[in-house]
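Asks: Have a look at the structure that comes next, please.
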Amino acid sequence: MDSDGAMIEDINTDVLLSTQANGPDVQWMKIYGRSAAAMKTHSPLWCKLIRRSPFQAYSGRSVFHTADRRQCVESGSRIAHLNSRQKIKTMDTITHGIAGALIAKAVFNGDDLFASRPINRHRIVTWSTMLGAIFPDSDVLRELLSHDDLLIISWHRSITHSLICLPVFAVLLAGLTRWVARWRKWDAPSFVVLTGIYAAGILSHILLDLVTSFGTMVWSPLRWSRPAWDLIFIVDFTFTGILLLPQVVAWAQERPETARRRAIASFAILALAIFVIQRIADTVGAPISSASVFLFVLILAGFFLLPLPTNEKVQRSQHSDLGAQDLARTNIRRRWNQFGLACACLYLGLAVLAHHSALSRVKNFAAMQKLDVQSLGALPKPPSLWRWDGLVQTARGVYEIRIDLSQKSPFESPSGANSSDGSTSNQPERPAIEYRFYPEANSNVYIEAAKELPQVQKVLWFDRFPVTRYHEEAGEPIVEFSDMRFPRMGRGRTPSFTYRIRFDPSGKVLEQGWDK
């Protein structure tokens, strides 16, 4: 008997069931993992669905859901509706600009953006590639000038992110650059070359948006679908660091006479940035371990402090002619940026392998639970490629599992599980499974009325793993639609993309919009 009077049966070493000893107040939930005795002693994963108030859970680290409010609570805590500011989740424009500059220096022999030399053809190449790489995000200007909160899902990542429209934008930007160059009397690449450079920059932006989970309308205006490859998180500091570090190292080492000062200053600034990022990650609920921070600082030290030039090299550089110095700087810049571009491609390749492994675990979980799957996915979760969020959409709701690829998968059948004598005593213990279930609210007149609203239809078009919630506040019906692919960034916060409609009892819409 548990503390609430529900009978707990230890069916076998792998299955734990809670019976409906309390009638309709307790629903069934099945968990594969430790035996009941082991779970009761160690870290239990008892799950119970309760309907009554107060909305409390009783055991372990499990997550519970109420049938009335359809809210998710952690054990020992009460349900609370917390308002949170709506977050715009797109790969940050700064990373796109850094990627564009790296491509220009590695592929098109571009110069540094802010070199002390007069502006020349090579620097225009870098500026053009970088501007092309950030151009698609110019669609946010319409959002800033509009009061339509739904532009973030209906407009952002559409026309300016379209492969169909890419040639048009590349031609227009190349023409504008040639006009500015003639006006300023700069030595700029030809119109055809600039068109190719801008096309490469825009394409890099589109591809880096595709590898995230937000969705990008790459075929607009012919088709308004939102493909997403689910490879890296929308803001991936590791990936940004891979794009940025080689450019800073090249800048620090290109002049032997100033290399020491530049290298030490760059190391100090970037090391401090790592600690700042650690604090930010802790704040949003994606902690970075101290061991990882120490490793990143060691890598920085290796890049900046080990290759410092000797006095002999500095003297030799000072006595060389200007042409030789320029050639040496160009070679250093190109080699380091080509190395950075190769590392970035390798990182994305590792993300593909990690995604494949995480997705196979999600499929195994769905098969183990015998779920009627409508859709499923493995989404990247910060701060590393080891962590993934598995989501399974069913008619009843969405199942979520947190995946750590550095740990043994609990979704594989242990060897010897199907022994001929049927004995389970010699079976190896399977790692415990912890998952969350977000139930779909039972349909009612308010939910059906909400789904007829044009704004809600846009939201449901955007959502990949939607969950509908219904409850009442002060006698007023509340309907919420959440997309579970966007994690709660911080404890106790609602999913970032939650659309909320408040009705009066007669069914009139009193208020609607993103939950803020």
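The values are calculated or read from the model by the stated rules, or taken from the named source; none is laboratory data. Since this is a predicted model, take the numbers as computed values, not measurements. Only protein heavy atoms, including side chains, enter the accessible area calculation; ligands, DNA and RNA are left aside. Shrake-Rupley method; radii C 1.70, N 1.55, O 1.52, S 1.80 Å.
Asks: Tell me the accessible surface of Trp229 in square angstrom (1.4 angstrom probe, heavy atoms of protein chains only), to the nearest ten.
Replies: 120
Asks: Can I ask one more? Per residue, how large is the accessible surface of the stretch 150-228? Use a 1.4 angstrom probe and give square angstrom.
Replies: For the stretch 150-228, the per-residue accessible area is 43 Å².
Asks: To continue, here is another question. Using a ≥ b ≥ c from the Cα gyration tensor of the stretch 188-267 (square roots of the eigenvalues), is it rounded, prolate or oblate, where a/c under 1.5 gives rounded and otherwise the larger of a/b and b/c decides, a/b for prolate?
Replies: Note, shape of the stretch 188-267 comes out oblate.
Asks: Now for a different question. Ranked by accessible surface with a 1.4 Å probe, highest first, in what order do Ile269, Ile124 come?
Replies: Putting Ile269, Ile124 in descending order of accessible area: Ile269, Ile124.
Asks: I'd like the accessible area for Glu412, computed on protein heavy atoms only with a 1.4 Å probe and all protein chains in place. Round to 10 Å², please.
Replies: About 100 Å², ignoring ligands and nucleic acids.
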